[in-house]
1. Within segment 163-173, identify whether any single residue is among the hydrophobic types (A, V, I, L, M, F, W, C) and surrounded by 24 or more Cβ atoms within 10 Å (Cβ to Cβ), and answer yes or no.
2. Would you pick out the residues in segment 138-152 that are in contact with a strand residue (DSSP E or B) (Cβ under 8 Å, 6 or more places away or on another chain) and open to solvent by 10 Å² or more (accessible area, probe 1.4 Å)?
3. Hey, does segment 174-197 have a residue that's at pLDDT below 95, more than 20 Å from Val95 (Cβ to Cβ) and open to solvent by 20 Å² or more (accessible area, probe 1.4 Å)?
4. Condition test on Thr219, is it closer than 23 Å to Gly148 by Cβ, among the polar types (S, T, N, Q) and assigned to a strand (DSSP E or B)?
5. Name every residue in segment 84-121 that is under 24 Å from Gly215 (Cα atoms) and part of a loop (DSSP other than H, G, I, E, B), in order of residue number.
Amino acid sequence: MNKKWLTILLASSFFVAFLAGCANTGITQADSASATVEAAVVSSNSVLESADSGSAAASTDQETVEVTYDVSDEMTEYTVLSNAINLSDYEANSVVTIDTAGEYILSGSLTDGQVVVNVGDDEEVQLVLDNAEITNNGGSAIYVQNAGKVVITLNDGTVNTVTDGTNYTNLDADGEPDAAIFSHDDLTITGSGSLTVVGNYSEGIESRDDLKITGGNITITAVD
């Protein structure tokens, strides 16, 4: 009888140990999965930091600042690293081309120049006007050549002016762009600052896709 009970006891102990080993394996797998996700997040952050460092090194007239903007339902409220561009740092007749998705804070004056947005078909750009004055005597002052969506945010308490000229030098076969602010793609204007648009050639603000105005104190004078 003692040998029989000893056999049963040993078999039970082996079974309990087997279950414990399975449970421990499951926990280890879960921990490994969590560690993989966490490593991926850290890697992504490292890439962003490297890219920002490269941008700062490449251009002395741009600096990186942290901002938070809420532009209604057009773009989710979030905090990102944005490029602050002082347009006064550029010479007359300069074309400031934005070719990477993200937020760009524009301030200062650009004389007889142009701000061009040319990014991927599914990419979004937010132009934050912060006491910006953009004048282009020979075409659109702000030209969205290609993007998934562009949001122009008028910073609170700021006064912004966008003006085009009476003669356009670079029109396509359709006679475009023909407005002081012209967009081929979705365009939203929002914020709580003020914007004065002077369309000396034809239109003040024109979009060939959706145009939404959800905020801002906007004054438009256009010959057409």
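The values are calculated or read from the model by the stated rules, or taken from the named source; none is laboratory data. Since the structure is predicted, the reported quantities are computational estimates derived from the model, not experimental observations. Here the Cβ positions follow ideal geometry from the backbone for every residue, glycine too, while neighbour counts run over all protein chains shown. Side chains are part of the model used for accessible areas, which takes the heavy atoms of the whole protein and leaves out ligands, DNA and RNA. Shrake-Rupley method; radii C 1.70, N 1.55, O 1.52, S 1.80 Å.
1. Scanning segment 163-173, I find no residue that is among the hydrophobic types (A, V, I, L, M, F, W, C) and surrounded by 24 or more Cβ atoms within 10 Å (Cβ to Cβ), so the answer is no.
2. Tyr143, Gln145, Asn146, Gly148, Lys149
3. Within segment 174-197, one or more residues are at pLDDT below 95, more than 20 Å from Val95 (Cβ to Cβ) and open to solvent by 20 Å² or more (accessible area, probe 1.4 Å).
4. Spelling it out, it is not the case that Thr219 is closer than 23 Å to Gly148 by Cβ, among the polar types (S, T, N, Q) and assigned to a strand (DSSP E or B).
5. Across segment 84-121, the qualifying residue is only Ala101.
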